[in-house]
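Everything below concerns the one structure shown next.
The values are calculated or read from the model by the stated rules, or taken from the named source; none is laboratory data. A quick note: this is a predicted structure, and the numbers were derived from the prediction, not measured. No Cβ is skipped: glycine too gets one built from the backbone with ideal geometry, and neighbour counts run over all protein chains shown.
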Amino acid sequence: MRYSIKSGAIEKVAADCLIVPVWSKSALSAEANHLDEVSGKALSAVVKSGDFSGRLGETYLLYKTPGVRSRRILIIGVGERKKLDARAAVKMLKATAKAVAKTQAESTHYAMASVEVTDRDAAWLAARLSQELEETCYRFDTTKSKNVKKPSLKLASMTAPAGARRKGLSEALKQGQAIGKAINRAKQLGNLPGNVCTPTFLANEAQILAAKNKSIATQILSEKQMARLGMGSLLSVAAGSAEEAKLIVINYRGSDTSSRPYVLVGKGITFDTGGISLKSPAAMDEMKFDMCGAASVVASMGCVAELKLPINVIGIVAAAENMPGSKATKPGDVVTSMSGKTIEILNTDAEGRLVLCDALTYAERFKPRTIIDIATLTGAAVATFGSQANVMLSNDERLAETLLQCGEESLDRAWQLPLWDEYQSLIDSNFADIANIGGPRAGTITAACFLSRFTESQKWAHLDIAGSAWQSGAQKGATGRPVGMLMQYLLTQKA
Ligand code: BES
Ligand code: MN
Ligand code: ZN
């Protein structure tokens, strides 16, 4: 999609679809009023008919309106004037994008310069406009034999609000587009089946990033190299699989070498059968999404490079397939992690923490400013929070606060759980330093407790995205979360 800012009379804009807002109780916006006058009351005819009230997200299409050059007018309900906050605005932008994408329009113009969002500025609205349009136009068709009909949109423009800086707005459009594309990339990686998206496939994706961006260098560690580093925990997960595990290191340099990096670590289980502690068949297909943390890291790294952020960022993906087999790890097996700590594996289905702990230890060598891991880690997170929240735990209150704020700002929201010392004893083991499960209670917290044993010297936060990373049922598919939140974090950090 190409984005631009257009000035001048909106009735003269020659778009396939002109978007105009109407407030609730049929109150015409400045733009709607203007078009109503030039068209001989075409818009007031619609609201007077009672067919359109201006409810938030309501849409109505008009064709061949006299006095208006655009082929269609899409009227969008923006709800109550003083109540359009950021969340309502996103709902409105999603409904708008969906309605435009359903038509054959190849170009669209947003004539909503008069619309103000109560808790955000005009640049935010512009960035969100492009982000939502990109997201809405995403379709998965890679593994369909017949082409999936995709939206025809190629051009989008907007009228700048009075007093807004044009340059700032076009930067915002670009930024929103980059984030939207990154979210789509995370969705795409997540949606690919386990027989396509293997650890090797993910490693290849990272290498493509490096080939496309001079500011990115990628390093792929093989099982042999990991064995030399003593990553017995990560390797124990891959032991039952014919697919080789990979530790993928994506290094983005946007600042001096001396500037300490921000590190993102993603869980990349490309399929989670549970291993010897085999999962039940119901919805097991969804365990192809068990690499959505990794997908969010790869996508964010690409976005960071595209936006040329003035910081150093390192993305690490711990990629493996969790399978049963004659060489697979068994319950009761004890392995030694790279940190030297021994782990009793009581349940091979608690594999995410086993790959992450070695990746977190590996990350220490980069002297991270902060380290954030992103993982579809526990069913307990889904049971408690459903699909809405990224569940966050941290050993650093300031980092936790910042991430919560970034969640609110991007509306890719997080909720914090306690990481109290009192929970730590739940992962005690009689045979090793730590057990990899903590029993049936407080599952999301004990998983984080496990990880905290490997990040004691770091400013670290953990995002359990088991509920937020994908949708089940008829809408089954990856959501691209929490790329929005991660990008909000990286965009606001300093070198
Ligand atoms: N990938 C799963 C977590 C998961 C399960 C995410 C269902 C989304 C939906 C993870 O590897 C896992 O199996 N976790 C176990 C841990 C348990 C054995 C302590 C779980 O949550 O059941
Ligand atoms: Mn598992
Ligand atoms: Zn898993």
**Request:** Pick out the one residue from L234, L264 that is in a helix (DSSP H, G or I) and modelled with pLDDT of 95 or more.
**Result:** L234
**Request:** Go over the candidates M291, M284 one by one and state the one that is within 13 Å of ligand 1 (Cβ to nearest atom) and in contact with a Gly (Cβ under 8 Å, 6 or more places away or on another chain).
**Result:** M291
**Odd one out for V313 among (1) over 23 Å from I371 (Cβ atoms); (2) assigned to a strand (DSSP E or B)** = (1)
**Complete:** Checking G8, G57, G67 in turn, the sole residue that is within 31 Å of the chain's Cα centre (by Cα), without any contact (Cβ under 8 Å) to a residue 60 or more places away in the chain and not in a strand (DSSP E or B) turns out to be G57
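Out of curiosity, is M287 more than 17 Å from the chain's Cα centre (by Cα), outside any strand (DSSP E or B) and either more than 11 Å from ligand 3 (Cβ to nearest atom) or within 18 Å of P199 (Cβ to Cβ) (or both)?
yes
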**Which numbered condition A319 fails, given (1) among the aliphatic types (A, V, I, L, M); (2) part of a helix (DSSP H, G or I); (3) in contact with a helix residue (DSSP H, G or I) (Cβ under 7 Å, 6 or more places away or on another chain)** = (2)
**Prompt:** Applying the selection to the stretch 228-256, what residues are under 21 Å from F366 (Cβ atoms) and either within 16 Å of ligand 2 (Cβ to nearest atom) or without any contact (Cβ under 8 Å) to a residue 40 or more places away in the chain (or both)?
**Reply:** R228, S233, L234, A245
**Message:** So the check is Cβ under 9 Å with 6+ separation or different chains; which pairs have a first residue in the stretch 259-280 that's assigned by TED's automatic domain parsing to the domain that holds F366 and a second one that's within 10 Å of ligand 2 (Cβ to nearest atom) and part of a strand (DSSP E or B)?
**Reply:** I269/N322; T270/N322; F271/N322; D272/N322; T273/N322; G274/N322; G275/N322; K279/D272
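Here's the yes/no breakdown for (1) surrounded by fewer than 23 Cβ atoms within 10 Å (Cβ to Cβ); (2) within 16 Å of ligand 3 (Cβ to nearest atom):
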| site | (1), (2) |
| --- | --- |
| E364 | yes, no |
| I372 | no, no |
| T376 | no, yes |
| T384 | yes, no |
| T402 | yes, no |
| W415 | yes, no |
| W420 | yes, no |
| F431 | yes, no |
| G439 | yes, no |
**Message:** Consider the stretch 348-367. How many of its residues are more than 16 Å from K267 (Cβ to Cβ) and either within 16 Å of ligand 2 (Cβ to nearest atom) or free of Cβ contacts under 8 Å to residues at least 24 places away in the same chain (or both)?
**Reply:** 1
**Request:** Determine whether S39 is among the hydroxyl-bearing types (S, T, Y) and under 11 Å from I73 (Cβ atoms).
**Result:** yes
**Message:** Let me spell it out: the conditions are (1) of a type in the set (A, V, I, L, M, F, W, C); (2) over 22 Å from L490 (Cβ atoms); (3) within 13 Å of ligand 3 (Cβ to nearest atom), and A242 meets all of them except one. Which number is the exception?
**Reply:** (3)
**Message:** Looking only at residues that are over 16 Å from A432 (Cβ atoms) and away from ligand 3 (no atom under 15 Å from the Cβ) in the stretch 324-360, which one is surrounded by the most Cβ atoms within 10 Å (Cβ to Cβ)?
**Reply:** L360
**Filter result (assigned to a loop (DSSP other than H, G, I, E, B) and under 19 Å from A294 (Cβ atoms)) within the stretch 446-474** = F454, T455, I465, A466, G467, S468, A469
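Can you tell me which residue among S236, S255, S170 is over 21 Å from the mean Cα position of the chain (by Cα) and either buried (at least 21 other Cβ atoms within 10 Å of the Cβ) or of a type in the set (V, I, T) (or both)? Full working, then the answer.
Details: S255 fails: either buried (at least 21 other Cβ atoms within 10 Å of the Cβ) or of a type in the set (V, I, T) (or both); S170 fails: either buried (at least 21 other Cβ atoms within 10 Å of the Cβ) or of a type in the set (V, I, T) (or both).
Being over 21 Å from the mean Cα position of the chain (by Cα) and either buried (at least 21 other Cβ atoms within 10 Å of the Cβ) or of a type in the set (V, I, T) (or both) holds for just one of S236, S255, S170, which is S236.
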